[in-house]
Each structure stands twice: as structure tokens, then as C-alpha cells.
1. Determine, yes or no, whether VAL139 is in contact with a Leu (Cβ under 7 Å, 6 or more places away or on another chain), touching a residue at least 24 places away in the same chain (Cβ under 8 Å), closer than 17 Å to ILE70 by Cβ and buried (at least 21 other Cβ atoms within 10 Å of the Cβ).
2. What strands (runs of 3 or more DSSP E) lie completely within region 132-213 and have 3 or more residues being among the hydroxyl-bearing types (Ser, Thr, Tyr)?
3. Looking at region 112-120, is at least one residue touching a strand residue (DSSP E or B) at 6+ places or on another chain (Cβ under 9 Å) and hydroxyl-bearing (Ser, Thr, Tyr)?
4. I'd like the full set of residues that are crowded, with 21+ Cβ neighbours inside 10 Å and closer than 30 Å to ASP103 by Cα, limited to region 44-67.
5. Just to be sure before I move on: is ALA104 farther than 18 Å from GLN192 by Cα and crowded, with 16+ Cβ neighbours inside 10 Å in the structure I sent?
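Every number here is computed from the coordinates shown, using simple stated rules; none is lab data. These figures come from a predicted structure and were not determined experimentally. We place every Cβ from the backbone using ideal geometry, glycine too, and count neighbours over all the protein chains shown.
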Amino acid sequence: MSNNRSSWSKARLTGTLALAAILGFLLFYPLPYFVKTPGSAEALKTRVSVEGSAWQEKGDFLFTTVLQHIKPSILEYAFVRLKEKYTETVPVEQAIGNVSDVDAYNQLTEWMRVDSEASAVMAAYDYLNKPLQVEETGVIIRSFLKDTLASRKLHEGDIVNGIDGKTIRNSEELALQLKNRKPGETVKVQIQRGKKTLEETVTLVKLEDTGGTSRAGIGFYFSPVRKVLPDIPVHFKLDDIGGPSAGLMLTLDIISKLEQKDYTRGLKIAGTGTIDAKGNVGQIGGIRYKLVAASREGAAYFLCPKDVQETDGNQKEAEAFLQSYSTSMKLIPVATLKEAAAFLAELPDQG
């Protein structure tokens, strides 16, 4: 009798352990994918403010997002696919492109969002013909050349602000500090990585210029890091999102608040698109998911990047998607900030 009880107890323990192992695998094993679904269409009223002013639009400017489930567990993946009709599963390597890993990708997209805030202020001030002070504070690494040695120490999204203790604020100062160096020499690179200030020793490599000459360099592609100093400070609360695609909607909201002119006309105006300092609207990713998010939030209009170049596709994709998606929301393609503002200015006031 005791032997039977002992065997039964061992079998129950084995079964329990096996069940726990299976459950743990389903809950915690990360799949090598990004799963994209419609995110939110959220009002900018609580996200953007102009110092010293409590004025708000009667309607809402909605910025739209794509929700990315990064390396979801098997159960999370199954739940998302069951819950959401509109999904896309993308291998991690494809989703992050030329970026080395997910951490660097997140760091880079966070900077893109910060830079889009600066671009939005610059575009708004340009539209309003207001003077604006802009400072350069470094260069950010976007990607590395194939044969560089720097990628062993530096990451995409690192902000380079010094070489051997000399301040680097822009590409000219970077080139000046490397001008008389030779391939194989080392330099100490001062960087900002997220909230950390670091210094890394990097070996220079030979870079070939288009004119047939060569020089020593670190071997990365970069963008300028800019700090805007408007006469009326603009504050953003967008730390939970990444990427530059809210630029257009941020700019419209800033203009509306600075002019205290209600461009929403009492409506929900959604949209997406990058913005540059001169108000040009650029292409973005995941537009169909943003359309779904905006429609679900009851947006009356959706401003999307107009296809200007042959390689552009946001407008075509949006128009094709809306042919089979039932919504009363109207699509408005725009190529510039001025086009977007002009369209909104012609809308009837909803009171």
C-alpha cells in the first residue's frame, strides 16, 4: 500500500513539474518577432503645453501610434492574434533594419521622437515667421559602416559629444578633431547613452571619399543633435512613445496653441507624418494600423503624408486600405505643413 502511495506521489510531482515547465515556456519564451497592431489615437491636449498659457482647442489633434509587441511570449502572441484582426508579424532582424540589436533600436527611436519634438517647434516657428534660437549639441550615430571597428564599443543611438576631451557639437567639429589622425590610431570618444555619460576608446579606420581621397574616421553615419530655445517654452510629455511620426500633429498643435486659433474646428483631427524644420511632411511606417486606431477613436479626418517621390507609398497604401475598411473618416494627403493648415482653416466651425 505504501509503495502505491509513493509511486502515485512521484507521478503527481512529475506531472506538476512538467506542467509548470510547459506553462513557464509558454509564458516566458520570447519569440524572435515584432508583432504590430493598431495602437492609440490620443489627444495632444495633455501631452503638449505652451508655458504660461492654459488655452486649448475645442476639438482634438490626435497623434496615432502602432503598438509593437517586441519578442512576445507564445501566450502573448496567441492572445494578440486572437484579440486583434489587424496584425503583422515581422522577424526581429527585419524590424530593426541595420541596427545591431533591440536595445540600440529602442535607444535610436527614442532619440527620433525627441528630435521630432525639436523639428516640430522649428517648423511651427518657421510657419509663424518667428525667430528661433537653435543649438547643436552633438551628433547621433544612426548606423555603422561595414568594416568599422567602432561598433564593438559604440551603439546606434549613442550621442557623440567629445573626442579626446574636445567638445563635439556638429559634423564640422568632428571632422576637425579627426583631420590629422591616421587609420589604426585610437581616440577616446565621449558619448551620451540614454542617461549615462560614457567614454570609449575606438580604433580609427580608413574611409574612402567620393573624390578618390581617403582619411581616418570612426566609421558611422550620423545626424545632428539639436536643442531648440523658443522664446515661449514648449513642453512635451511623450516619453512613452518612440519614432518621429508624430511630427506633423505636434506642429499643428503647437501652432494652434501659440496663435490661440482653433484649427480643429471642434473636430477630432487625427494624422501622422514626420516634419522637418521647413514644414515638409515625410513618410512613416504602419499607416494602416494608425488609420484603424484613428477610426476607432472617432476621428473625422486623417492627415497622411502625400506621395511626392516615386518611392513614396503612404498615400497609396492608405487609399487602398480604406477601400476595404468601413469608416466615415476622410483621408487628407498633405505634403507640407502649409497644406495641412490651409485644409484645416477651410473646415466649418463645429461650435
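1. Details: in contact with a Leu (Cβ under 7 Å, 6 or more places away or on another chain): yes; touching a residue at least 24 places away in the same chain (Cβ under 8 Å): yes; closer than 17 Å to ILE70 by Cβ: no; buried (at least 21 other Cβ atoms within 10 Å of the Cβ): yes.
No, not satisfied.
2. Details: elements: 133-144, 159-163, 186-193, 196-203, 205-208.
The strands (runs of 3 or more DSSP E) meeting that bar are 196-203.
3. yes
4. If we filter region 44-67 for residues that are crowded, with 21+ Cβ neighbours inside 10 Å, which is where we start, we get 44, 48, 57, 59-66.
LEU44, VAL48, LEU62, PHE63, THR64, THR65, VAL66, listed by residue number.
5. Numbers: farther than 18 Å from GLN192 by Cα: no; crowded, with 16+ Cβ neighbours inside 10 Å: yes.
In short, no.
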